[in-house]
Amino acid sequence: MKVESVMVTGANRGIGLEFVRQLSRLSEPPKFIFATYRSPDTLKDLKDIEESSKITKIILIKMDVTCPQEIEAAKKLVEETVGERGLNLLINNAGVAQPGFFPNITSESLSLHFKTNTEGPIMVFQAMLPSLEKAALVQGSDAGMSVSRAAVINMTSMTGSITNTGFTFTQDLAVPSYKISKAALNMAMRVAAATVKDKGILVVMMCPGWVKTDMGTAEAILEPEDSIASMINTLASLDETHHGVYMDNEGIPFPF
């Protein structure tokens, strides 16, 4: 997989951090990786990767996906850096998950999860759309759809499946606000996919699996390095047949 420029949101820990680490270590790594973070207090591991990167220029950007001003500032920095080459790959990863069983869901919890997990990725996608369009034009329509051309990969979750809720996996009922926000994200990106299809921008919703991160907890079954390795392998194989698809980390379609 050869990608010239990548933006990873929520890159200071967990899945986002591992994406930056592994992308920067590819045999043909990106020229630029824009790695966003929310708090400067959580940057040690990300800075270590930045300083050790030999080929890729890793650009750290303070960007809370719920803050329009910070999204706009990030947009300008990306555009100034990539120019007419555009942004090839946006990985919408930043998210939040907090427990709270029904019927004790609060409006505050719903608002927090929707703002971060649904609205945030939409706003970031919209902000980066002009750069993604430029990247798609560089290779032209004959190139088909791919992450090397222009793509948006949205980190969703199996918990967002309406079809499977309450049947195949019930532990996730402990995080209803998270589930609701991920189901909404899937719909939002399905709408976006239908809208940008003719622009050559691939849009996919991908579940990384249950990963051992701060969000996934120590009870999870996958190590971050294994989940991201599987996803990067899958990314390399994606094409127009995967546009608008909700899938697991191996590219197998998952029921909405």
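The values are calculated or read from the model by the stated rules, or taken from the named source; none is laboratory data. Please read these numbers as outputs of a predicted model, since none were measured by experiment. For neighbour counting, all protein chains shown are included, and Cβ atoms are generated from backbone atoms with ideal geometry for every residue, glycine included. The protein model used for the area step is the full one, side chains on, heavy atoms only, and it has no ligands, DNA or RNA in it. Shrake-Rupley method; radii C 1.70, N 1.55, O 1.52, S 1.80 Å.
Below are the figures for this structure:
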{"item": "At R0 = 25 Å, FRET efficiency that the Cβ-Cβ distance of Gln69 and Leu137 yields, to 0.05", "result": "0.30"}
{"item": "Distance-filtered residues of the range 95-125 - backbone nitrogen under 19 Å, label point 7 angstrom along Asp45 Cα→Cβ", "result": "95-98"}
{"item": "The range 127-187, accessible surface, carbon-and-sulfur percent (1.4 angstrom probe)", "result": "65"}
{"item": "Integer Hz, Karplus 6.51/-1.76/1.60 couplings in order for the range 148-159, x for Gly and Pro", "result": "6, 8, 6, 7, 10, 10, 9, 6, 9, 7, 4, 5"}
{"item": "Sites excluded, GluC sites (Glu not before Pro) in DSSP loops with at most 16 other C-beta within 10 Å, longest stretch of the chain", "result": "1-218"}
{"item": "Antiparallel content of DSSP bridges confined to the range 112-256, in %, to 5", "result": "10"}
{"item": "Reachable lysines from Lys47, criterion Cα separation under 27 angstrom, eight or more residues apart if same chain", "result": "Lys2, Lys31, Lys57, Lys62, Lys75, Lys76, Lys212"}
{"item": "Shape box of the range 103-180 [Cα atoms, principal axes, largest first, Å]", "result": "51, 28, 13"}
{"item": "Whole-number accessible area per residue in Å² for the range 108-197, which is evaluated in the context of all protein chains at 1.4 Å", "result": "43"}
{"item": "DSSP beta bridge pairing in the chain, given as percent antiparallel to the nearest 5", "result": "5"}
{"item": "All-pairs Cα distance distribution in the range 1-127, expressed in whole percent, bin size 10 Å", "result": "13, 42, 31, 10, 4, 0"}
{"item": "Whole-number percent relative contact order across the range 128-256, with pairs defined as alpha carbons under 8 Å at least 6 apart", "result": "31"}
{"item": "FRET E, pair Lys76, Ser107, Förster distance 30 Å, beta-carbon r, rounded to 0.05", "result": "0.30"}
{"item": "Candidates per trypsin sites (Lys or Arg not before Pro) in the range 15-119, loop by DSSP, up to 12 other Cβ within 10 Å", "result": "Lys54"}
{"item": "Loop chymotrypsin sites (Phe, Trp or Tyr not before Pro), the range 114-208 (other Cβ atoms within 10 Å of the site Cβ: 11 or fewer; DSSP)", "result": "Phe167"}
{"item": "Set of aspartates and glutamates with alpha-carbon distance to Lys197 below 17 Å, sequence-local pairs under 8 removed", "result": "Glu133, Asp142, Asp239, Glu240"}
{"item": "The chain, Cα convex hull volume normalised per residue, Å³", "result": "117"}
{"item": "Surface share of carbon and sulfur [accessible, 1.4 angstrom probe, percent] for the range 1-79", "result": "47"}
